[in-house]
């Protein structure tokens, strides 16, 4: 093969055909290292399969074996069509649901640049479900805030949150592009300290998939959450949609109940 042949996003290594490590695993290991080191970034497109297989000096079947393994891990996505190809997804965004630090603080602590785009902020009358979770009367005023969340300028989640309006007067007049939990803490001394959350794999709607820039099967993770203050009063009800191919959620297990 031609060692050092340039792809659109990097330089491929020499594949050792007589190594104890199969060629497809060597290709997979190189791509993993290139993603971890930042040589390959989310959104980068590899050469077409025929050209990339020639660069590695392997068959297209061997190359597809490596790409298929990475696709199962959510690190690449293969898109059909004229403008398709194999795209790097990059390392997944880790969200620890055991912490109440908020999405913004978790991104920063993991070395990502957080961002938010406000899609909706209005006062509504709480319907039955929202009222039940917030422990307020049906029809009582609640603030609904919907935001598109970014990590390193890539959309990863749609946050939909409801807050009891009486507990947080003037919330909608504040800057809602940063950490709302920090706003609740600094402005109202009501930072959430614990939450009950449920996770469910769902299919993103066409509107959600468009907002999140998803291609292929729009697999998403829905996280429904009720967050409580120090005295056990619900301060937020949320139903968030995370990109299934860009995020991984962590939970600790133990003996006993959380509450």
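Yes or no: residue 53 modelled with pLDDT of 85 or more, in contact with a helix residue (DSSP H, G or I) (Cβ under 7 Å, 6 or more places away or on another chain) and either under 26 Å from residue 248 (Cβ atoms) or not assigned by TED's automatic domain parsing to the domain that holds residue 151 (or both)? Yes: the conditions hold for residue 53. How many of the residues in the stretch 33-68 are surrounded by 13 or more Cβ atoms within 10 Å (Cβ to Cβ) and farther than 24 Å from residue 83 by Cα? Of the residues in that region, 2 qualify. The residues on offer are 211, 172, 249, 196, and the sole one that is outside any strand (DSSP E or B) and in contact (Cβ under 8 Å) with a residue 60 or more places away in the chain is 211.
Residue 155 passes every criterion in (1) in contact with a helix residue (DSSP H, G or I) (Cβ under 7 Å, 6 or more places away or on another chain); (2) exposed (fewer than 15 other Cβ atoms within 10 Å of the Cβ); (3) assigned to a strand (DSSP E or B) apart from (2).
Please work out if residue 115 is in contact with a strand residue (DSSP E or B) (Cβ under 6 Å, 6 or more places away or on another chain), farther than 19 Å from residue 224 by Cβ and modelled with pLDDT of 85 or more. Taking the combined requirement at face value, the residue satisfies it. Of all residues in the stretch 170-200, those satisfying the criterion of being surrounded by fewer than 15 Cβ atoms within 10 Å (Cβ to Cβ) and in contact with a strand residue (DSSP E or B) (Cβ under 6 Å, 6 or more places away or on another chain) are 177, 194, 196, 198, 199, 200. All told, residue 210 falls short of being more than 19 Å from the chain's Cα centre (by Cα), surrounded by fewer than 15 Cβ atoms within 10 Å (Cβ to Cβ) and in the same structural domain as residue 244 (by TED's automatic domain parsing).
For residue 75, the test of being touching a strand residue (DSSP E or B) at 6+ places or on another chain (Cβ under 8 Å) and either more than 25 Å from residue 246 (Cα to Cα) or modelled with pLDDT of 90 or more (or both) is failed. Among residues of the stretch 158-169 being in a loop (DSSP other than H, G, I, E, B) and touching a residue at least 24 places away in the same chain (Cβ under 8 Å), the one that is surrounded by the fewest Cβ atoms within 10 Å (Cβ to Cβ) is 166.
The values are calculated or read from the model by the stated rules, or taken from the named source; none is laboratory data. Bear in mind the structure is a predicted one, so any value in this text is a computation, not a measurement. Cβ coordinates were reconstructed from backbone atoms using ideal geometry, including for glycine residues, and neighbour counts include every protein chain displayed.
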